[in-house]
Amino acid sequence: MATPIFESIQSQLGSLATASSVSHGTLVVEIAPAALSGLVQTLKSACKFDMLLDVTAIDWPGRQPRFDVVWHFYSTTHRVRVRVKARVPESDPVVDSLTQHYGSAAFQERECHEMYGIRFNGNADLRPLLLYEGFVGYPLRKDYPKLGEQPLVPYREGFDIADRAGV
Amino acid sequence: MSAAHPTIPISPAGGKSAAFEYLTTKKDELCGWARKFSLFPYPFVTACCAMEFMSVSSTPYDTDRFGAALPRFSPRQSDLLMVVGTVTHKQAPILLKVYEQMCEPKWVMAFGVCATSGGFYQNYAALAGIDRVIPVDVYIPGCPPRPETVIDGIMQLQDKIARQKHIILTKDF
Amino acid sequence: MDMKIPNPVRPAFTTPQRDDTVIVNIGPSHPATHGTIQIIAELDGEKILRTDVHCGYLHRGFEKECEDHTWHNLIPYVDRLNYCSALINDFAYCDAVEQMMGVEITPRTKYLRTLLAEYSRLADHLTCIAATLMELGAMTAFLYLVMIRDYIYEHIADLTGARVTYSFGRIGGLARDLPDGWLKRLEQILTQYEEFIGRVHGLVDRNRIFIDRTRDVGVLTTADAIHWGYTGPILRSTGAARDLRKDTPYLAYAELDFEVPVGIKGDNYDRYYVRMREMDESVHMIRQLIDMLPAGPINVDDRRCTLPPKPLVYGEIESLINHFKLIMDGPRVPAGEIYVAHEGANGELGFFLVSDGSGTPYKVHVRSPSFVHMGGAHKMLDGYQLADLIPTFGSINMIGGECDR
């Protein structure tokens, strides 16, 4: 399938990746958070991954380190995708920002920050994007309750925030 | 909806004659008829219900037959606030601000289940029904409601407007 | 009214750069921002100097909601992402789960899903163009296009039961098969579509006013587009012929004969024209698929995801337990991760699913094209007039449900 391309990418990435495999047609590369910048530079220039598709995180509360930060890249020339994963602990959830390499990183990192609390070094604008000013907490973490609403406008008489508890 | 207005007793008190009561009733009927057929909606559009709102405004369903064709995108110039789609907690201050900026008489229509009760979004982000922040006159269920349901809702609102008391000159008339 | 209404956003800039510039707020309750986008713009007269785009007013907590439902139960939520072309979302999600489970769909479903995806894409482009033209003042074109879209909605309601959001895809197939006479009505609608589109072309394509308002407005270069993550009709309007249906074919696209229309300058006119041509290509594909549709079952006969037939459920205990487990626990998807992308009406619609082996997803993340496009929208807005914001925004086709999830 796309295996020859994946093999060439794996050899170009070399020791920057701690582990790599092919899963459901995507090359999955695991790295240490500090190796991100070097890896992305190689991916972008040598391997021609010119589009950053997605930045997100996965929360594994029982595990140390707690979060998996996941990036997806696409190459418009080779037409394949690469998934890059890095593990960050809850005590220091910091990774480098990719805003100087890819413009699409700006909004994606803002969303990942407000949903999981991952901080992106180098992204000056981490204001809430999908959430609002004054929202406390990181909703997509597993310990945030689904019904944990924080209304901006006080409810009218007769409506109590505790009404939703039984839903 | 209008602020609390005084109820008029059956046996006219305060020196009001039966002729005055007859005038008031006829005035209410006339104003109700005029207001129900000249609604100026403010489409507060957020989500998927917008698709059905577009359908109900155009052929073959057409709100123009009810006089409610011309949307006014300024709250100062409209009298029917149609809240179309999910209102989230982030959007709630905007909704309240627009509602406060509208002048009396004004009516609110909750279009779709998300505006009525939050729909199936029961989580931290969605407001579980706009009646938590503003008073609502008619609720239209559906996800999204068929245009016929919307028209039924508009007609029920028109009945409500026709039966209402319309205070135009003084607090009694 | 003494209560202070709180401001949900923090603008990026609050003081004007110069003495003679002014900062205005556009949206989020605004007819032309498609409901839920707020743009804080600094204006020098009528010219936009810089913008700060705020989305998130329709964030409905899709990802958190998904973690509480079974793999099957969240199909209605998936529908409401890009609600203009809901079937494409359904099938992309079902495809991702099926690949993770190792389930192969039947041939009839493969062609039927392709046909319905193209039909949905038609409805989406009709909506986008109708809204853009109406905002520019062409009410007649809006009414023509929305009429065709209404026929499409009624027609899909004959099949799925709903007009706008269908919940029609199932893991392993579809909810039900085509009713009698459905394909005949399809051909009638396509013929009427061609007649109406011809009229819209005649009204708009060489219209001096339309060209003046859209040519060289909102220009995006290919390099910028790729840097900011644009895919779909916007990328194609800049001249790059990138389409997931051709580059990495899925469903039945490898067997179809179609072109990928590209633009020349990446401005609003090109985006409008690329969408018009894509609609024609979709109709061409639908006609090919009507001929190619094989007979056969629509649901794969795999007890891991497909409900057993009712006579068996009431007859034997194994099927009863199977049915019960599928409904209560959901289909068990092996632990792992997958990212599957389909070509949505706006571009690359990707589903990143993480499973922990149970019937409930561990994480469902949507790579939504509209969200990424909003990140780069300022490239198309800065430097142009305030009135140009309207057609530019319309041509980006930001769908709130997809952008904010």
#### Entry: Beta bridge orientation in the stretch A:3-166: antiparallel %, DSSP, nearest 5
70 percent
### Task
Check the straight Cα-Cα distances from residue C:379 and name the lysines below 19 Å, setting aside those fewer than 8 residues away within the same chain.
C:47, C:265
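Suppose a student asked you for the relative contact order of the stretch C:312-375, using Cα pairs under 8 Å spaced at least 6 residues apart; what percent would you report? Let's see the in-between values first.
Values: 95 pairs, mean separation 16.2, N = 64.
Relative contact order of the stretch C:312-375: 25 percent.
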#### Entry: Beta bridges per DSSP with both ends in the stretch B:18-163, % antiparallel, nearest 5
5 percent
### Query
Against the longest alpha carbon principal axis of chain A, how many degrees, from 0 to 90 and to the nearest 10, is the axis of helix A:36-45 turned?
50 degrees
### Query
For chain B, what is the calculated [θ] at 222 nm in deg cm²/dmol (nearest 500), taking -39500 (n - 2.57) for each run of four or more DSSP H residues and dividing by its residue count?
-11000 deg cm²/dmol
### Task
Among C:231, C:15, C:191, rank each residue by its count of other Cβ atoms within 10 Å, from fewest to most, as a rough exposure measure.
C:15, C:191, C:231
### Query
With contacts defined as alpha carbon pairs under 8 Å and 6 or more residues apart, what's the relative contact order of chain C in percent?
25 percent
### Query
Expressed as an acute angle from 0 to 90° and rounded to the nearest 10, what is the orientation of the C-alpha long axis of helix A:3-13 relative to the principal long axis of chain A?
80 degrees
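With a length cut of 24 Å (Cα positions projected on each helix's long axis) and a Kyte-Doolittle mean of at least -1.0, go through chain C and give me the DSSP H helices that pass. Mind showing how you got there, number by number?
On the way: long enough: C:107-135 (42 Å, 0.00); C:139-160 (30 Å, 0.72); C:182-204 (32 Å, -0.08); C:268-292 (36 Å, -0.86).
Membrane-span-like by this rule: C:107-135, C:139-160, C:182-204, C:268-292.
Any idea what the relative contact order of the stretch A:3-166 is, in percent, if you count C-alpha pairs under 8 Å spaced at least 6 apart? Please list the in-between numbers first.
On the way: 257 pairs, mean separation 26.3, N = 164.
It rounds to 16 percent for the stretch A:3-166.
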### For chain C, calculated [θ]222 nm from helices alone, where every DSSP H run of n ≥ 4 adds -39500 (n - 2.57)
-14500 deg cm²/dmol
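What does DSSP give for the protein assembly as shown in terms of the percent of beta bridges that are antiparallel, rounded to the nearest 5? Numbers along the way, then the final one.
Numbers: 50 of 71 bridges.
Bridges in the protein assembly as shown are about 70 percent antiparallel.
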#### Entry: Under 29 Å between alpha carbons - lysine pairs in the stretch A:3-166 that sit 8 or more apart or on different chains
4
### Task
Can you tell me the 0 to 90 degree angle between the C-alpha axis of helix B:92-101 and the longest principal axis of chain B, rounded to 10?
30 degrees
### Task
Within 10 Å of each residue's Cβ, count the other Cβ atoms and sort C:250, A:155 from fewest upward.
A:155, C:250
### Query
Within the stretch B:9-166, what is the number of lysine pairs with alpha carbons under 24 Å apart, leaving out pairs fewer than eight places apart on the same chain?
18
### Query
Which trypsin sites (Lys or Arg not before Pro) in the stretch C:194-257 pass both tests, a DSSP loop state and at most 15 other beta-carbon atoms within 10 Å?
C:206, C:215
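Translational diffusion coefficient, Stokes-Einstein: compute it for the protein assembly as shown using the Kirkwood radius over C-alpha pairs as Rh, at 37 °C and 0.692 mPa s, and state it as an integer in µm² s⁻¹. Before the final figure, lay out the partial values.
Working: Rh = 27.3 Å.
Answer from the Stokes-Einstein relation: 120 µm²/s.
FYI, it's all coordinate maths here, none of it is from the lab. None of these values were measured; they are calculated from a predicted model. Here Cβ is always computed from backbone atoms with ideal geometry, including for glycine, and neighbour counts include all displayed protein chains.
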